[in-house]
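Worksheet: the structure to be examined is printed underneath.
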Amino acid sequence: MNAIKDVMMNKVLAGEAGKEKAREWGRWLATDEGQAYLAAQMDADFFEERENMDDGICEESRKRVFCNLQKKISRRRFAGLTLKVVAAMVPVAAVIAILLYLNTQVSLFEPSFYQDIYVAKGERMQIAFQDGTRVYLYPGSRLCYPDKFGLTERRVTLDGEAYFEVSKNSHRPFIVDLDKASIRVTGTSFHLQAYACEPDITVELDEGQVDLLYGDRQEYSLRPGESLIYNKVKNACILQLQEGVSGLIRWKEQEIDFRNTPMKEVLKELDLHYGVPFCVGDTVVYQYSYTFCVKKASLEEVMKTLEIISPVRFQKGDTIRVRMK
């Protein structure tokens, strides 16, 4: 049995065993059995050298033989140590490789670089993240997000309006930081309107579950089909059922839905979606409210509709003037 081990040892030391066999041999030498084998080999080398000596050998020969024996022992010990190190480094190298791969997906070794995206008035944008999550940004919205999400969470910051399709991952919740509140999800689809300058945050849930975190660690959960309005000033929530189609369809169809909306809010929405400012010459127009839906319509068509259903008139220019008829 030892003869077979001797042959293997010689092949490894000569570099003829191959990497896989060398690793396997190194792992075996690290065991108690392997250590005993190495000790026996060293003893055998010593006695072999001693038998070759005669009584009349000179002191110089003794020193030369002793040096040769030391070299052999050192070489064997070094080879054994090298194999141990190789055997130990195999799992370490695998762990390092895994960590390096993870670092390409999430932030492990360096701080994240943040992107700050602003969608100008009259424009729209769609963003796809590395985890499969998609965000559909409305005009006048700002989204701040890292180049790579963290290991334990996926966090972004929104000031504006967006529709989220979040890839499911219960171990890494997706968090949307807002002004004085935040949204926490693990995998869901929802529409969110949260302008820092506005008192209300509106959440409409289509799929999954959404938790609104606000105030002094207060939490409110939504179910599919529900809509939640959180007033930052009053620190109060109103829960109701959704009306109309989902926010994603509205985004893709470039749809604006007015439901008993005051003229002031109507003009603000039109400014965002078409990128044209309005100037009101007569504040009497603010007394009117509107209920109608705009779907892939030009600004001219919208203004024509408003002129038909109410006594207002629009005068075109770089700034559109609004007055009574």
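The values are calculated or read from the model by the stated rules, or taken from the named source; none is laboratory data. These numbers were taken from a predicted model, which means no experiment stands behind them. Virtual Cβ from ideal backbone geometry, glycine too; neighbours counted across all protein chains shown. In case anyone asks, the SASA skips ligands and DNA or RNA and just uses the protein heavy atoms, side chains included. Shrake-Rupley method; radii C 1.70, N 1.55, O 1.52, S 1.80 Å.
Given 168/234; 168/296; 264/325; 268/304; 121/325; 252/316, which pairs have Cα atoms separated by over 21 Å? Going by Cα-Cα distance, 168/234; 168/296; 121/325; 252/316 fall outside the 21 Å limit. Extending 7 Å from the Cα toward the beta-carbon at both residue 152 and residue 268 defines two label points whose distance is 3.8 nm. Note that the range 114-248 presents 48 Å² accessible area per residue, ligands and nucleic acids not counted, probe 1.4 Å.
Under 5 Å between amide hydrogens, built in the peptide plane, is the criterion, and for residue 196 it picks out 160 among residues at least 5 positions away or on other chains.
With a Förster radius of 51 Å applied to the C-beta separation of residue 291 and residue 33, the computed FRET efficiency comes to 0.05. Label point of residue 170 set 7 angstrom out along Cα-Cβ; within the range 123-155, amide nitrogens under 18 Å from it belong to 152-154.
All alpha carbon pair distances within the range 194-325 were sorted into 10 Å bins beginning at 0; the resulting P(r) in whole percents reads 10, 35, 30, 19, 5, 0.
For the range 114-248, the pair-distance distribution built from all alpha carbon pairs, in bins 10 Å wide starting at 0, is 12, 47, 36, 5 percent. Per residue, the accessible area of the range 254-324 comes to 56 Å² when a 1.4 Å probe rolls over the protein heavy atoms.
Length gained on full extension, residue 120 to residue 238: 39.4 nm, using 0.36 nm per residue less the C-alpha separation.
Annotation for residue 310 and residue 196: the two label points, set 7 Å from Cα along the Cα-Cβ direction, are 3.0 nm apart. Overall, the ratio between the Cα radius of gyration of the range 254-324 and 2.2 N^0.38 Å, rounded to two decimals, is 0.99. Pop out the carbon and sulfur fraction of the accessible area of the range 193-240 as a percent, whole number, probe 1.4 Å. After summing per-atom areas, the C and S share lands at 45 percent. In a DSSP loop and with at most 15 other Cβ atoms within 10 Å, the trypsin sites (Lys or Arg not before Pro) in the range 196-261 are 217, 234. Counting protein heavy atoms only, the range 254-324 has 46 percent of its accessible area on carbon and sulfur, 1.4 angstrom probe.
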